[in-house]
Amino acid sequence: MYALNFNEETCHACPTNDCLIKCQYIDISREAALDEIIKIARGEDSYVLRDCVTCYACEEYCPMGNHPFYLIVKRQEDMNIPPVPRPLIQRAVNTGIPFRGAPVIYEINGPALNMGAFSELMPLIHGRLFEGLSVISTDSRKMFHYFCQLMYLHYGRSSVIEERLPGVIDTIAKHKPTQLVCFHDECYGAYASYCPAMGIDVPFEPVHLFEYLYNRLMELEDLIKPVNLKVAYQRPCSSRLSPDKHLFVNRIFELIGAANVKREFVDENALCCAGAIQGQRREGSRKRAAELQRKNIEDMKKAGADVCVFNCPACLQTLGRMVSENGIKPVYMSDLCRLAIGEKPSGWR
Amino acid sequence: MDSTLQSLIDIVDQIHVSNRQEELFIYSFDLGTAEPRRPDYVVSPDSAEQVQKILRLANRKKIPVVPLGGGLSLAGLAVPLHGGIIIDLKRMDRIIEVNEKARYAVLECGVSQAQLTSYLERHHPHLTHSEPGAPPAATIAGNLMIHGQGDLAQPYGFNSDLVNGLEVVLPTGEICRFGSCAIGSGWFTNHPLPDMNIFLGWYGITGIITKLSIRLFPAKRLRGTGQFVVDNEELVPEILFKLTHTQMAEDIIAYSRAIPPFSDGLQHFTVNIAADSEKELEWKQEIIWDDTLGDYIRNGDGAYLGFTAGLERPQISKTSDYKKGGGFEYVGSIMPVEKYPECYRTGREISERHNIPYTVTGRCIGAAHSMMFAWTYAFNRADPDTIRHAREALHETDDIVMKLGGVIWKPGIYGQKLILERLDPVTRELMKKIRNLLDPNGIMNPGNWEVNDANG
Amino acid sequence: MPMAEFPYKDLIHRCFRCGYCKFPSNWMDVNNCPPYARFRMETYSCGGRLWLTRAWLNAQLEWTEHLAEILYSCTTCRNCEIKCPLRFNVDIVNMVVAARSEMVEAGRLPSAVKSFLENVELHGNPYGASRAKRDVWAAGQGIEHYNGQEYLLYAGCTGSYDTRAQKSTIELAQILRKAGISFGILGTDENCDGNEVLKLGEEGLFEALAEENTALFKKLGIQRIITLSPHAFNAFKNHYPQYGGNFTVFHYTQILSDLIKSKILKPDKKNNVRVSYHDPCFLGRWNNEYETPREILKGIPGIELVEMEKNRDSALCCGGGAGNFQIDLLGGSKDSPSRRRVREAAATGADILAVACPKCLIMLEDAVKSEELEGSLKAMDIAEVLAEACRTESI
């Protein structure tokens, strides 16, 4: 099977133990932080395993690339301390099982856009930004054949990821993509972060959607007219798996004339949408999620945002309504980019 | 021309009377698995007086009469088992009065669920009624006639418990009223007058309801549904018991189904919550999810799935297309809540044997005094084999209901036999007396509740 | 007729007869299916019609005049498609039309339908009126015959022959002239667009009409068409491309709205009136155009626009679709959809019931008379309303 590329010695050598020090959901001292991470490394019980809200941020915070979050998830499974109740796990695990027939394979031999488990968002894939790009996983009945499985990190189920992901990679590979632009940030994280961490082979080059969009915009620079919007960015949990691509957020905003409002909860300090937190077993989870969402949106409002730019469809599903009820328009990053080149995404007013 | 036809035309008019093949064909069907039976005439009257004249005619000529509302009982209750005249009551669809202070509505018998929901939303937004899960074309009268339950069943009980008064045309044609309306007061109560609740649950045999007064309830500003899920059916009764104890919820339903596949084997709960402010809503949610169900969440046995604002009303159901065949029927039962686990397991087993994706639902009535537990079996109308399987599954389920100590709700012919076999003989005798007293010529929906059988 | 050949044989059994199709989007009554509203017998509801059709195709029922009338009583208004919660809802009207094609092929039609189709075939209009009289409405109006102008103004059969509808055709033509729009008409060369013929199930005749019209339009170099009637708008826009007819098609309200916005037309004569707008099925539910006609009315000073409770995709069809304005299977009762609709308009307190379709115009004006509302409610085409406000002389 696969083994997580984690080394206990690396934690001892770590200058900061930022994985736990910077955690927004645990209050801990430097000494205690080292103790707890070593307990976890050794398969001993630690309250961190129970209190972790699965926001993925420690993957970013760790200065040593030692994958503390992937380790936590593994231990949660090994020691039967799942963050969510059992029926939720069953529900999630079964959702990912494709049951409507085999996917239709067509060879691309070039760059491809993978919609993953978001085939229903095909209506977003229009216009010059996506011109000439082949798309896979366009049929929502078959989309779980292309599902990267990383969602199960929220359920303490690395084993499901390890079991299914190689098959998914195989299906994608049959399409012969040279580069794989990942519509969903989490797919990118799966192929660029999780797979290398687990030693799973990926026979194509994953491309971050925002990097793709930025490059495309540069090609179409003549068409860009400043959007003149004040924007807030909803940074998803999965973005923590690709912190090296986060810079494209500001690059795109600058390129298209969107003013990224000054927020407290931004970049490393960003708040996740809390969609995964609401149903957790940890005491007070329902209220915790509501409070996080309130704080997040208050922060956007205080900073004067007109628009909230979403990366992840799950964030949009969780926060979209609340955002618009607070007078801020929710929009996908790709739609914002389309606006910038004079196109009219459906639903935009 | 056939003299009965002419008489009906004289009573109503040319357009709303027919004995042509097309009307006879369509009106012979129940939408479930019941075998169609042809009526001899179809008539759609416009007033209680017309209904009265039709019944007098039917008595004179000894022709059976079957009253029809929405025709959505899915138990064959308006299939004319012995032919005769089907009376389509849906033209009598006036909303006569909505009394805000005493919170009731007076309706004609043909008013549909959606019509009332829409009317209240537009004209009396602080009032609502208990709306069942039937398609919106179902009539209010039909539903309370069969002891239906709606989305306020948990606080307030069966829809038939929410009646303030009735206007009924007796089988022999007299029009009479029950409740405070009968003494000339408004239609606001049916107590404390002597009990005459013999028009509900009888499928029209004791008389045709032409007007009714139904209780309305506060419609709070914010209404929505929260969801919870467990993977162990044994936990369902205690959860329902605890939820009803809070007195914080409106509708509470537990259900399990094979489709979509992720829900297979799980028991989901939907809990409707209403509030006039965010403060009230949060307070109720705290009591329900954090205080009452918090232990299940912490122990990992149950999960909170979130709260969605806004109730979908009228309620929409897509079960009929499960087998891509436009058909389904269900056994509804009134069961003790503690029987949920066995009901679920039996439903699974019977469904699997008949190759039907299982669907079971339990709606809490009152303070968990009982639940309406339904087993739904889909079929493809163009495939007789699936119809046969559905019918067999339904009969097996009827048997199970009795075995498990429940009561079949709105039973068809098969279920009625099971009940009559077990019925207290003195009660049965009384039913016979009432039936013969009110309907001496035996014209009212014959074939149903046949207490006059030799077995009786 | 064998079910095996019916193009929707795998769908037609899927109707559950749940009855959603009787309701408007706001659920307020069960009178939004025009034939069901008229007769209130289950046979006339959409579900009843589909079950009967299925039984007939399966040879369980014989053809009778009554069966045929039930099938032809559907005005193809699409209310059912919008309400039906099941996946095959997009094909409901297609199923009705396909069943009608079966009856057409068997030659078993209600006599009024037969006359309609024969008249179109022989005279190019359902009235059986002479082709030579098709341009009588335009006499003395100074309207040019089409000869390379920017637009063809397509008057249509109703707009050309019906004496009431002619008034709206004239107003429209005069307003377009006043606005300096370059257009011409086909006059006696104009032939039926075929929309109703198609909905009545006569595919062969429709094909012939579409091909002939397309050839004529192309020969004349016509590229842009303005229609008076939403029915013609629907046919030219959505069906003619299949026969090679790729024209840019406008309903006249789309042109007038732009003319007001660009201030070429200045409706400045202020009549303080309450106006309620009735959404025609072939503009609204069939082509999603609900707002442009309203914009015109809102752009006229002195008009208070009041909505009927059933508006936009909830609008109750006037009962004139699928040839029924001539075939008249739904008339003759206070329950007729046109009379119901007029009562709905009267309930808003409106002085004017504004329409954007000549068939709605004649159906609703007749209903105003039957409802004895003359004097308090007036049915007017939007072109007529706008003309008055622009001080154009009415004829």
Taking neighbour Cβ counts within 10 Å as the exposure measure, how do C:262, B:130 sort from fewest upward?
C:262, B:130
Mind checking which of C:248, C:214, C:76 has the largest fluctuation in a GNM of chain C, springs on alpha carbons under 10 Å?
C:248
What residue among A:186, A:163, A:283 has the largest mean-square fluctuation in a Gaussian network model of chain A, using Cα springs under 10 Å?
A:283
In this structure, the FRET efficiency calculated for residue A:31 and residue A:268 from their beta-carbon separation, with R0 = 30 Å, to the nearest 0.05, is 0.85
Just to confirm my numbers, what's the Cα centroid distance between the range A:293-349 and the range C:162-222 in Å?
47 Å
Between 0 and 90 degrees, rounded to the nearest ten: what's the tilt of helix B:236-246 against the longest Cα principal axis of chain B?
90 degrees
Against the longest alpha carbon principal axis of chain C, how many degrees, from 0 to 90 and to the nearest 10, is the axis of helix C:203-220 turned?
30 degrees
Please give the helix B:340-353 orientation as an angle from the longest Cα principal axis of chain B, in degrees from 0 to 90, rounded to the nearest 10.
70 degrees
Interchain or sequence-distant (5+) residues whose placed amide H lies within less than 5 Å of the amide H of residue C:17 are none
Within the range B:69-144, list the GluC sites (Glu not before Pro) lying in a DSSP loop whose Cβ has at most 15 other Cβ atoms in a 10 Å radius.
B:100
Residue-ordered couplings for the range A:225-236, obtained by feeding phi - 60° into the Karplus form 6.51 cos²θ - 1.76 cosθ + 1.60 and rounding to whole Hz (Gly and Pro as x), are 10, x, 6, 6, 10, 8, 10, 10, 10, 8, 7, x
Listing A:140, A:238, C:168, A:285 from the residue with the fewest other Cβ atoms within 10 Å to the one with the most, what is the order?
A:140, A:285, A:238, C:168
Of C:119, A:143, A:318, whose Cα points farthest to the positive end of the dipole of the protein assembly as shown (charges on the beta-carbon: +1 Lys, Arg; -1 Asp, Glu; origin at the Cα centre)?
C:119
Looking only at aspartates and glutamates whose Cα falls under 17 Å of residue C:114's and that sit 8 or more positions away or on another chain, we get C:65, C:69, C:102, C:105, C:196, C:202, C:203, C:328
What FRET efficiency comes out for residue B:221 versus residue C:258 if R0 is 60 angstrom and r is the Cβ-Cβ distance? Round to the nearest 0.05.
0.90
From the helices alone, meaning DSSP H stretches of at least four residues, give me the mean residue ellipticity at 222 nm for the protein assembly as shown, per-run term -39500 (n - 2.57), in deg cm²/dmol to the nearest 500.
-10500 deg cm²/dmol
Around residue A:214 (Cβ within 13 Å, Cβ-to-Cβ, excluding residue A:214; K/R +1, D/E -1) the net charge comes to -1
For residue C:316, other-chain or 5+-apart residues with amide H closer than 5 Å (H placed, Pro excluded) are none
Compute the FRET efficiency between residue A:218 and residue A:349 as 1/(1 + (r/R0)^6), taking r as their Cβ-Cβ distance and R0 = 25 Å, and round to the nearest 0.05.
0.35
Convert each backbone phi in the range C:114-126 into a coupling constant with the Karplus relation 6.51 cos²θ - 1.76 cosθ + 1.60 (shift: θ = phi - 60°), then list the ³J(HN,Hα) values in order as whole Hz, x for Gly and Pro.
4, 4, 3, 5, 4, 4, 5, 5, 7, 10, x, 7, x
Taking amide H positions as placed in the peptide plane 1.01 Å from N, state which residues far from residue A:233 in sequence (5 or more) or on other chains have amide H under 5 Å from it.
A:309
Across the range B:278-283, in residue order, what do the Karplus-derived ³J(HN,Hα) couplings come to in whole Hz, using 6.51 cos²θ - 1.76 cosθ + 1.60 with θ = phi - 60° and x for Gly and Pro?
4, 4, 5, 4, 5, 5
Please identify every one of the trypsin sites (Lys or Arg not before Pro) in the range C:290-395 that sits in a loop by DSSP and has no more than 14 other beta carbons within 10 Å of its own beta carbon.
C:334, C:391
Relative exposure of B:161, C:162, judged by other C-beta atoms within 10 Å (fewest first)
B:161, C:162
If I build a Gaussian network model for chain A, linking alpha-carbon pairs within less than 10 angstrom, which residue out of A:70, A:106, A:191 has the largest mean-square fluctuation?
A:106
Expressed as a rounded percentage, what relative contact order does the range B:319-417 have, with Cα pairs under 8 Å and six or more residues apart?
36 percent
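None of the figures in this text is laboratory data; all of them are computed from the coordinates on show. Predicted, not measured: the structure shown is a model, and the values here were computed from it. In this analysis, Cβ positions are derived from the backbone assuming ideal geometry, glycine residues included, and neighbour counts consider all displayed protein chains.
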